[in-house]
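See structure below.
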Amino acid sequence: MITMLSLLYKSTYMFVVFYYAIVPLGYLTKWWITDTDEKMKGNSTILVTGGAGYVGSHTVVELLKNNYTVIAIDNLVNCYAKNNNEKPEALKRVERITGEKVIFYNVDIRDKEALDKVFKSHKIDSVIHFAALKAVGESVKIPLTYYQNNIGGSGTLFEVMGNNGVKKLVFSSSATVYGTPQFLPITEDHPTGQGCTNPYGKTKYFVEEILKDLCTSDSEWKVILLRYFNPVGAHESGLIGEDPSGIPNNLMPYISQVAVGRRDKLQVFGNDYPTPDGTGVRDYIHITDLAIGHLKALEKMLQPTFTSWKAYNLGTGCGYSVLDVVKAFEKASGKQVKYEIVGRREGDIAECYADASVAKRELNWTAKKDILSMCQDTWNWQQKNPKGFQSPCQGC
């Protein structure tokens with residue numbers, strides 16, 4: 001009997017020691033936390049405008065992985081769907097990647113009535129706003145279309161949000177708001193709106209100003225402006241990536257289409273810039289790093305202590321020239337990328353790269369992938385999807 005009591009006391013003692021010492025230590029060091037615990041970070045419903053686009057679809061992946069409910073809207077201008085009544089192919093593949101469902105509406109943000117119906121059909125907590133026309137060169141040719149869509153559409157969205165009591169927003173802005181850089185690397189303190197070289201950049205600047213005025217007029221509004229640099233790459237699965245319609249406006253998809261044989265050669269716009277090799281220098285950021293940056297911004301904005309608005313740069317802090325990217329892609333793919341030098345493109349600038357230290361300090365975010373990884377993932381996507389989303393993914 002005494003022996004049994006002694007064993008019981010010892011067992012009780014060991015349990016108490018384990019429960020009050022080992023378990024808390026495990027939580028502090030995070031080795032006790034399961035994948036399920038990590039996924040419980042998000043527990044709210046997020047409306048993602050432009051959710052079927054390049055940056056939008058990759059961000060939806062990260063949201064779903066972190067247990068957020070996602071409602072995506074898109075007018076199919078920058079994405080592929082078999083018909084207007086079908087979910088875009090990018091979101092179908094997002095569902096394959098995550099094993100989660102995406103609620104989708106074919107809605108243009110300029111359609112106030114349709115937008116309002118979405119808000120009234122769901123309890124939306126916050127919005128991540130991507131929907132916009134986004135090609136620098138095109139914006140120079142059709143500026144009125146860009147102003148009507150990007151500024152007019154955003155104004156309608158914000159009005160509908162306010163009418164439905166949803167006043168938390170992460171805005172997909174751009175480094176183009178800084179115009180021609182007055183100093184490098186560019187910090188968030190760099191002037192905005194001065195010397196914007198194209199209508200696309202001006203639309204991002206004007207929408208930022210609208211949001212700042214909203215926050216001033218109503219303390220319930222909470223806004224984070226993400227000024228990011230040049231998104232490239234693709235999801236590591238090769239299921240989703242950048243799939244421009246027509247001739248690509250951005251460098252990386254053009255290079256990859258040359259490498260896969262869809263185009264004869266790359267046009268390099270200008271080799272007389274004051275840069276090491278004369279071609280334009282940009283800060284390229286992997287699309288997955290960028291998507292995670294949106295998640296970090298959302299988490300920051302949802303904190304009770306966050307008020308008004310704040311801007312963050314998302315970039316690597318490294319500048320790569322056009323020819324640097326060509327060489328990196330040739331190394332990643334084992335393919336030669338033919339190119340020709342042509343005249344400068346209107347609206348372009350010589351150099352642009354970020355100081356992203358504020359995002360590192362306040363969002364606990366930093367870009368992890370280098371230029372070679374960006375090229376490898378782009379090539380993986382392009383090989384598996386030689387014609388983009390319009391053909392089945394090969395080997396996926």
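Here are the numbers:
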read-out: Selection count, region 279-315, where residues are touching a Ser or Thr at 6+ places or on another chain (Cβ under 8 Å) and either without any contact (Cβ under 8 Å) to a residue 24 or more places away in the chain or aromatic (F, W, Y) (or both); value: 1
read-out: Criterion (of a type in the set (S, T, Y), in contact (Cβ under 8 Å) with a residue 24 or more places away in the chain and out of contact with any Cys (no Cβ under 8 Å at 6 or more places or on another chain)) met by exactly one of S237, S217, S245; value: S245
read-out: Residue in region 338-347 that is assigned to a loop (DSSP other than H, G, I, E, B), surrounded by 19 or more Cβ atoms within 10 Å (Cβ to Cβ) and either at pLDDT below 95 or not hydroxyl-bearing (S, T, Y) (or both) present; value: yes
read-out: Single residue of T176, T180 found to be touching a residue at least 60 places away in the same chain (Cβ under 8 Å) and not in a strand (DSSP E or B); value: T180
read-out: Candidate set from region 348-396 (those that are in a helix (DSSP H, G or I) and among the aliphatic types (A, V, I, L, M)); member that is nearest to E242 (Cα to Cα); value: M374
read-out: Residue among G165, G152 that is on the phi > 0 side of the Ramachandran plot and modelled with pLDDT of 95 or more; value: G165
read-out: Qualifying residue in region 188-204 (condition: of a type in the set (G, A, S), more than 30 Å from K335 (Cα to Cα) and in contact with a Ser or Thr (Cβ under 6 Å, 6 or more places away or on another chain)); value: yes
read-out: Filter result for the condition that a residue is under 17 Å from the mean Cα position of the chain (by Cα), surrounded by 15 or more Cβ atoms within 10 Å (Cβ to Cβ) and closer than 19 Å to D283 by Cα, over A297, A311, A350; value: A311
read-out: Filtered residue count, region 185-238, keeping only those that are among the hydrophobic types (A, V, I, L, M, F, W, C) and closer than 24 Å to G162 by Cβ; value: 11
read-out: Search result, residues across region 267-290 that are buried (at least 23 other Cβ atoms within 10 Å of the Cβ) and either in contact with a Pro (Cβ under 6 Å, 6 or more places away or on another chain) or under 20 Å from Q376 (Cβ atoms) (or both); value: R282, D283, Y284, I285, H286, I287, T288, L290
read-out: Residue that is farthest from V60 (Cα to Cα) [pool: residues in region 184-235 that are assigned to a loop (DSSP other than H, G, I, E, B) and of a type in the set (F, W, Y)]; value: W221
read-out: Region 320-335 - residue that is without any contact (Cβ under 8 Å) to a residue 60 or more places away in the chain and not in a helix (DSSP H, G or I) and, of those, nearest to the chain's Cα centre (by Cα); value: Y320
read-out: Scope region 383-396; condition out of contact with any Asp or Glu (no Cβ under 9 Å at 6 or more places or on another chain), touching a residue at least 24 places away in the same chain (Cβ under 8 Å) and not charged (D, E, K, R); matching residues; value: Q383, P386, C393, G395, C396
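Yes or no, residue by residue, for (1) among the β-branched types (V, I, T); (2) in contact (Cβ under 8 Å) with a residue 24 or more places away in the chain; (3) surrounded by fewer than 16 Cβ atoms within 10 Å (Cβ to Cβ):
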position	(1), (2), (3)
I73	yes, yes, no
L91	no, yes, no
A131	no, yes, no
T145	yes, no, yes
E159	no, yes, yes
L169	no, yes, no
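Residues are listed down the side, and each one gets a yes or a no for (1) under 20 Å from the mean Cα position of the chain (by Cα); (2) surrounded by fewer than 21 Cβ atoms within 10 Å (Cβ to Cβ); (3) modelled with pLDDT of 95 or more:
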{"residue": "P191", "(1), (2), (3)": "no, yes, yes"}
{"residue": "P199", "(1), (2), (3)": "no, no, yes"}
{"residue": "G233", "(1), (2), (3)": "yes, no, yes"}
{"residue": "E242", "(1), (2), (3)": "yes, no, yes"}
{"residue": "P248", "(1), (2), (3)": "yes, yes, no"}
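The values are calculated or read from the model by the stated rules, or taken from the named source; none is laboratory data. Just so it is clear, the model here is predicted, and its values are computed rather than measured. Glycine also receives a Cβ, built like all others from the backbone with ideal geometry; neighbour counts cover every protein chain displayed.
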